[in-house]
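Comments concern the structure below.
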Amino acid sequence: MSRDQQDMFSDPVSRARELKVRGRFDEAHKLLQAAIAENPADSKARASLADLFYRRGEYRRAMGLAGGILRDDPDDPRALVVMGNVLRKRKKPGEALEYFRLALAIAETDYLWLRVAACRLDLKQPNEALAALARADEFRPDTREGLSLRARAARLLGNARMEEEILRRAAGKAPRDHDAFAAFVIPLLADLAPRKAALESEKMRTKEGQEMNPGLLLFEAHSLYKGRDPASALKRVDLLLSVDPPAEILSAAEELRESLARIMRPADGVYK
């Protein structure tokens with residue numbers, strides 16, 4: 001391990017960041033609390049704890065801690081981001097946007113431009129969102145979140161051709177591994193109407209190597225179930241079960257099959 005790597009993992013804020021990414025919030029909380037107890041003025045640790053509260057849905061605590069940091073230093077970018085994230089979650093995109101813009105004035109990142117784009121979409125401003133996404137692409141083009149936001153903008157504009165092109169681009173950018181491919185493309189499909197989501201997922205599976213992707217087949221089955229097409233949902237489940245899916249997907253597929261069996265009449269495949 002290099003010295004830089006050793007320094008990173010000996011830094012409690014960096015270690016907490018890794019734990020948060022893995023969803024190990026309780027461990028990150030203890031680590032950050034210990035760091036703050038040792039140095040109450042550590043704004044990085046305090047901001048990281050505020051972010052942890054945000055991730056756990058403890059929005060009041062997140063805003064209280066981030067607000068305290070900003071009283072000491074109005075230009076702390078980490079606290080500005082936490083405030084923006086919490087306000088957006090509280091359905092106040094206009095106020096959130098102002099915090100993200102303040103953070104951008106300190107340092108531009110693709111993350112911040114994506115947050116600006118998301119706020120613009122919440123405000124029903126798709127053209128402004130696309131402009132922000134263009135700036136994000138200058139740092140890292142065609143990220144999963146960026147493509148998902150572009151698809152939302154296309155839908156707000158009523159531009160079906162643009163949306164179709166974005167979905168095809170996403171399929172081309174997604175990793176080849178089945179799990180990673182599904183994780184990349186499903187968030188782009190989740191906002192669609194259920195039957196359309198299933199249709200677009202089926203198109204995604206035409207990409208070489210993804211024809212029997214278990215994650216996409218399960219997504220399609222659930223989408224068709226939500227779209228009140230149980231017969232088609234059952235066909236997807238049966239197709240999925242024929243490929244010996246991973247244990248977690250197998251369990252979900254069997255549970256869905258039981259639900260379908262309860263609501264369908266075997267003779268005609270319609271709702272009871």
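The values are calculated or read from the model by the stated rules, or taken from the named source; none is laboratory data. Owing to the predicted nature of the structure, the values given are computational and were not obtained by experimental measurement. Using ideal geometry, Cβ is built from the backbone for each residue, glycine included, and neighbour counts are taken over all protein chains shown.
A few comments on the model shown:
- Residue count for the range 68-83, restricted to those that are surrounded by 15 or more Cβ atoms within 10 Å (Cβ to Cβ) and out of contact with any Lys or Arg (no Cβ under 6 Å at 6 or more places or on another chain): 9
- Residue that is crowded, with 23+ Cβ neighbours inside 10 Å and outside the structural domain of Gly23 (by TED's automatic domain parsing), where the choices are Arg46, Arg115: Arg115
- Considering the conditions (1) within 18 Å of Glu145 (Cα to Cα); (2) surrounded by 13 or more Cβ atoms within 10 Å (Cβ to Cβ); (3) among the charged types (D, E, K, R), Lys226 is excluded by exactly one of them, (1).
- When residues of the range 199-220 are limited to those that are of a type in the set (S, T, N, Q) and surrounded by 14 or more Cβ atoms within 10 Å (Cβ to Cβ), the one nearest to Glu254 (Cα to Cα): Asn213
- Residues that are surrounded by 13 or more Cβ atoms within 10 Å (Cβ to Cβ), under 25 Å from Pro141 (Cα atoms) and aromatic (Phe, Trp, Tyr) occur at least once in the range 85-105.
- For first residues located in the range 77-93 and assigned by TED's automatic domain parsing to the domain that holds Gly57, partners that are aliphatic (A, V, I, L, M) and not in a helix (DSSP H, G or I) and lie 6+ apart or on another chain with Cβ distances below 8 Å form the pairs Pro77/Ala107; Pro93/Leu123.
- Among residues of the range 25-43, those that are over 29 Å from the mean Cα position of the chain (by Cα), of a type in the set (D, E, K, R) and part of a helix (DSSP H, G or I), counted: 1
- Of all residues in the range 245-272 being modelled with pLDDT of 90 or more and charged (D, E, K, R), the one that is surrounded by the most Cβ atoms within 10 Å (Cβ to Cβ): Arg257
- Members of the range 82-123 found to be of a type in the set (Gly, Ala, Ser) and assigned to a helix (DSSP H, G or I), listed by number: Gly84, Gly94, Ala96, Ala103, Ala105, Ala117, Ala118
- Count of the range 174-198 residues which are surrounded by 14 or more Cβ atoms within 10 Å (Cβ to Cβ) and more than 16 Å from the chain's Cα centre (by Cα): 5
- One residue from Arg55, Arg61 being among the charged types (D, E, K, R), free of Cβ contacts under 8 Å to residues at least 12 places away in the same chain, out of contact with any His (no Cβ under 9 Å at 6 or more places or on another chain) and closer than 17 Å to Phe25 by Cβ: Arg61
- Under the condition of being hydrophobic (A, V, I, L, M, F, W, C) and outside any helix (DSSP H, G or I), the residues counted in the range 55-81 number 0.
- The number of residues in the range 130-143 that are buried (at least 16 other Cβ atoms within 10 Å of the Cβ) and within 17 Å of the chain's Cα centre (by Cα) comes to 3.
- When we screen Ala221, Ala190, Ala153, Ala233 for residues that are modelled with pLDDT of 95 or more, under 25 Å from Leu121 (Cα atoms) and not aromatic (Phe, Trp, Tyr), the only hit is Ala153.
- Tyr54 passes every criterion in (1) in contact with a Leu (Cβ under 7 Å, 6 or more places away or on another chain); (2) modelled with pLDDT of 95 or more; (3) not polar (S, T, N, Q) apart from (1).
- Test result for Leu216, part of a helix (DSSP H, G or I) and closer than 19 Å to Lys173 by Cα: yes
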